[in-house]
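**Student:** Here it is, the structure, as structure tokens.
The values are calculated or read from the model by the stated rules, or taken from the named source; none is laboratory data. Fair warning: this is a prediction, and the values are worked out from it, not measured in the lab. Cβ: placed from backbone, ideal geometry, glycine included. Neighbour counts: every protein chain shown. In case anyone asks, the SASA skips ligands and DNA or RNA and just uses the protein heavy atoms, side chains included. Shrake-Rupley method; radii C 1.70, N 1.55, O 1.52, S 1.80 Å.
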Amino acid sequence: MAMEFDLIPQGTLLKENGHGVAVDVRASATRTFFCVLVIGDQIEQESADVAIWGSTDGENWGTHPILKLPQQFYRGETRAVLDLTLVPEVNFIRAAWELNRWGRVAPLPMFVLGLHLTEIPAMPARVPQIQMTAAK
């Protein structure tokens with residue numbers, strides 16, 4: 001059965017930088033996940049940077065994320081594919097976020113969001129090549 005889980009539970013209120021709990025992905029058959037970030041609420045003049053980090057042991061998370069989602073400013077949905085076959089040493093993943101606020105109103109950022117992952121079939125190892133011929 002395909003794995004399905006939240007790295008950030010839907011409707012989570014975030015007001016400062018942080019990270020979620022580690023999820024063990026060793027049971028994944030495909031090691032490929034469809035990620036859906038949903039922002040349900042936010043205030044003006046702020047941004048959220050959400051990334052997924054990988055670890056071999058669930059303790060050491062390295063210096064770079066394995067997937068960085070596009071910076072978000074508004075409510076809505078962002079989708080991405082996380083392909084862990086490219087990093088076979090990763091056994092655990094977790095989400096981390098950085099919030100930024102500017103302007104003269106409230107000094108603290110505020111986002112209500114969630115990050116859900118669903119295991120999907122593995123990506124093809126090679127993309128089929130299409131033969132093109134020039135028209136004469």
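**Student:** Please state the charge dipole magnitude for the chain, taken about the Cα centre, from unit charges on C-beta atoms (+1 on K and R, -1 on D and E), reported in debye and rounded to the nearest 20.
**Tutor:** Numbers: 11 positive and 15 negative charges, 107 e Å.
The dipole of the chain has a size of about 520 debye.
**Student:** Let me ask something else. Using a simple spin-label model with points 7 Å from Cα along the Cα→Cβ vector, what separation in nm is obtained for ARG101 and GLN71?
**Tutor:** Modelled inter-label distance: 1.8 nm.
**Student:** Which of rounded, prolate, oblate describes region 54-119, given a ≥ b ≥ c as roots of the alpha-carbon gyration tensor eigenvalues and a/c under 1.5 marking rounded, otherwise prolate only if a/b is larger than b/c? Don't skip to the answer; put the middle values down first.
**Tutor:** Working: a/c = 2.92, a/b = 1.87, b/c = 1.56.
Judged from the Cα gyration tensor, region 54-119 comes out prolate (a/c at least 1.5, a/b above b/c).
**Student:** If you take the charge dipole of region 43-123 about its Cα centre, with +1 on Lys and Arg Cβ and -1 on Asp and Glu Cβ, which of LEU113, VAL87, LEU69 is farthest toward its positive end?
**Tutor:** Of LEU113, VAL87, LEU69, it is LEU113.
**Student:** Rounded, prolate or oblate: which fits region 1-73, taking a ≥ b ≥ c as square roots of the Cα gyration tensor eigenvalues, rounded meaning a/c under 1.5, else prolate when a/b beats b/c? Present the calculation step by step, with values, prior to reporting the outcome.
**Tutor:** Values: a/c = 2.12, a/b = 1.57, b/c = 1.35.
Judged from the Cα gyration tensor, region 1-73 comes out prolate (a/c at least 1.5, a/b above b/c).
**Student:** With every protein chain kept in place and ligands, DNA and RNA left out, what is the accessible area per residue of the chain? Probe 1.4 Å, answer in Å².
**Tutor:** On the way: 8590 Å² over 136 residues.
Result: 63 Å² of accessible area for each residue.
**Student:** Does the chain classify as rounded, prolate or oblate by the C-alpha gyration tensor (a ≥ b ≥ c root eigenvalues; a/c under 1.5 gives rounded; else a/b over b/c gives prolate, otherwise oblate)?
**Tutor:** Details: a/c = 2.30, a/b = 1.42, b/c = 1.62.
Since a/c reaches 1.5 but b/c is at least a/b, the shape of the chain is classed as oblate.
**Student:** Run the accessible area of the chain with a 1.4 Å probe and give the carbon-and-sulfur part as a rounded percent.
**Tutor:** Values: 4830 of 8590 Å².
Roughly 56 percent, rounded to a whole number.
**Student:** Net charge around VAL90, counting only other residues with Cβ within less than 10 Å of its Cβ (Lys, Arg = +1; Asp, Glu = -1)? Display every interim value, and only then the final one.
**Tutor:** Details: positive: ARG26, ARG31; negative: GLU89.
That sum, taken over residues with Cβ under 10 Å, equals +1.
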